[in-house]
1. Out of B:GLY127, B:GLY121, which single residue is within 14 Å of chain A (Cβ to nearest Cβ), under 22 Å from B:ALA153 (Cβ atoms), of a type in the set (Gly, Ala, Ser) and open to solvent by less than 80 Å² (accessible area, probe 1.4 Å)?
2. When only residues in the stretch B:133-156 that are open to solvent by 50 Å² or more (accessible area, probe 1.4 Å) and assigned to a loop (DSSP other than H, G, I, E, B) count, which is nearest to the other protein chains (Cβ to nearest Cβ)?
3. Taking the criterion of being within 23 Å of A:ALA230 (Cβ to Cβ) and surrounded by fewer than 19 Cβ atoms within 10 Å (Cβ to Cβ), would at least one residue in the stretch A:61-74 satisfy it?
4. Just to be sure before I move on: is A:ILE210 open to solvent by 50 Å² or more (accessible area, probe 1.4 Å) and part of a helix (DSSP H, G or I) in the structure I sent?
5. A:PRO163 versus (1) within 14 Å of chain B (Cβ to nearest Cβ); (2) under 21 Å from A:THR8 (Cβ atoms); (3) over 15 Å from the mean Cα position of the chain (by Cα): which is the lone unmet condition?
6. Identify the residue in the stretch B:157-194 that is among the hydroxyl-bearing types (Ser, Thr, Tyr) and part of a loop (DSSP other than H, G, I, E, B) and, among all such residues, is modelled with the highest pLDDT.
7. Check whether at least one residue in the stretch A:169-190 is in contact with an Asp or Glu (Cβ under 8 Å, 6 or more places away or on another chain) and within 11 Å of another protein chain (Cβ to nearest Cβ), and report yes or no.
8. Would you check if A:MET50 is open to solvent by less than 10 Å² (accessible area, probe 1.4 Å) and in contact (Cβ under 8 Å) with a residue 12 or more places away in the chain?
Amino acid sequence: MGEAIVITSGKGGVGKTTTTANIGTALALQNKKVCLVDTDIGLRNLDVIMGLENRIIYDIVDVAEGRCKLSQTLIKDKRFECLKLVPAAQAKDKTSIQPEQMKAIIDELKRDFDYVLIDCPAGIEQGFKNAIAGADHSIVVTTPENSAVRDADRIIGLLEKEPNISSPRLIINRIRNHMVKTGGMLEIDEILDVLAVDLLGVVVDDEEVISASNKGEPIALNPSSRASIAYRNIARRILGESVPLMSLDENKGFFKKVKKMLGMR
Amino acid sequence: MANKQPLVTIKGKKDGLILSLDDRCSFEQLIAELKTKLSVQGTYYHDDPLISVKVEAGNRYLTEEDRKEIHKIIREEKQLFVAEISSNVFTAEQVEEKVKQQQLTTLTQYIRSGQEVRVDGDILLIGDVNPGGKIIATGNIYVMGALRGIAHAGYSGQDDKVITASLMKPSQLMIADVISRDPDPNGEGTHVMEFAYVDHNTGTISVDRLQSLFRRSLESTKRS
């Protein structure tokens, strides 16, 4: 019996889907059986980031409405045998599935997979309720901005009220060290002070994440990217290892760059 | 009860009159006697100071209307004003309300964005109030943690209530119907516990170090 983790944020555009794709990939790299579930019905993206868009035949609404079996919707990842995706429907909306149906689907997936990662839509309405219905754990993604932290706080409040979900853990996404230093961005400690939850990881802002997402290859596959290392560390923490936080200082990378130039990498 | 016993007894004290009302006769009898008793009182000079009157109703329950009537009769005498009407009898509702106003509710939680906690009486919160969160009490609010959201003390109108916090960084403070945005925006980084209160000289909310709360309560006990 695996565990289901919902990845949510409240605010849109902070990187829920990217985080889901990359944690899933990083867990698959560790040879875990992982299933990604996109619950953003009507605005599905996870399949695009995973590069699996053109393989979708059935989606999660088809399962809920009994048009196909759950196993038929599972899309196998290009790179990993152990990584699967349940896509959302694009032509429907959030009300076309009920929390109980979602819970049944997640429970069924938990039997076959070690980890079921649920990608939650933005907002706190029906889509959110659907996404958290079957979850055992939760990860809240935020960026170092006041607005994102406010919404994360709201979401944490809602998640803490759910009896079946363990207390949420936090990922701070897209942190830019030079902006933190000049005071233009919130510091990690400041965010943790307000939100008072466990920190699961910090992901630096990395342009490669965007280009990788556009190519349909999660950044976690690229071992030299700093964001990739952050996602891999997060996956290891989910597996129960204690991995120290990566230093945010970019200067450390200078030596690596020299090595890279000399072709030592 | 013998009829000779007066239904209304008037006693003079240093600070005014005390009217003791009999609690076994009918209310109509009592009102009638009160009216006659007060009207036969001697003549006053216009520049005499007002005399305060305390009414003791003993073991008689007075409804709001009864109180108003007594109040009216006494007010009709130019030289008298009612300081207090007391009775030994309360309805169960009133007692419940009183108990509620005096109880202290202790909560151990975070009040996060979008959450609202409302209590009767005082509240002791062990945790933070985050921006977008709201804590409301009819009494005082004590926050053992950071107050970053909205706090409203004295919700039912008492402006003698205070708000204390280990870290006072509120987005809004309200005491009774006085509203203030962060009254102390420069207090960044102070690790001194503070409290907010209504400054009756200015009618606005002020913030002071927690130590001053002691002096304040000392003064208020002296006053009463």
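1. Working: B:GLY121 fails: within 14 Å of chain A (Cβ to nearest Cβ).
Of the residues listed, the single one that is within 14 Å of chain A (Cβ to nearest Cβ), under 22 Å from B:ALA153 (Cβ atoms), of a type in the set (Gly, Ala, Ser) and open to solvent by less than 80 Å² (accessible area, probe 1.4 Å) is B:GLY127.
2. Keep residues of the stretch B:133-156 that are open to solvent by 50 Å² or more (accessible area, probe 1.4 Å), which gives B:134, B:142, B:144, B:155-156.
Remaining after also requiring assigned to a loop (DSSP other than H, G, I, E, B): B:155-156.
Values: B:TYR155: 22, B:SER156: 27 Å.
Out of the qualifying residues, it is B:TYR155.
3. Here is the first cut: in the stretch A:61-74, the ones within 23 Å of A:ALA230 (Cβ to Cβ) are none.
No, the conditions are met nowhere in the stretch A:61-74.
4. Details: open to solvent by 50 Å² or more (accessible area, probe 1.4 Å): yes; part of a helix (DSSP H, G or I): yes.
Here the answer is yes, as A:ILE210 does meet what is asked.
5. With (1) within 14 Å of chain B (Cβ to nearest Cβ); (2) under 21 Å from A:THR8 (Cβ atoms); (3) over 15 Å from the mean Cα position of the chain (by Cα) applied to A:PRO163, the lone miss is (1).
6. To start, the set of residues in the stretch B:157-194 that are among the hydroxyl-bearing types (Ser, Thr, Tyr) comprises B:164, B:166, B:171, B:180, B:190.
Within this subset, residues satisfying the condition of being part of a loop (DSSP other than H, G, I, E, B) are B:171, B:190.
Details: B:SER171: 92, B:THR190: 61.
Ranking the qualifying residues of the stretch B:157-194, first place goes to B:SER171.
7. no
8. Spelling it out, A:MET50 is indeed open to solvent by less than 10 Å² (accessible area, probe 1.4 Å) and in contact (Cβ under 8 Å) with a residue 12 or more places away in the chain.
The values are calculated or read from the model by the stated rules, or taken from the named source; none is laboratory data. Keep in mind that this is a model prediction, so the values were computed, not measured. No Cβ is skipped: glycine too gets one built from the backbone with ideal geometry, and neighbour counts run over all protein chains shown. These area figures cover heavy atoms from the full protein model, side chains too; ligands, DNA and RNA do not enter into them. Shrake-Rupley method; radii C 1.70, N 1.55, O 1.52, S 1.80 Å.
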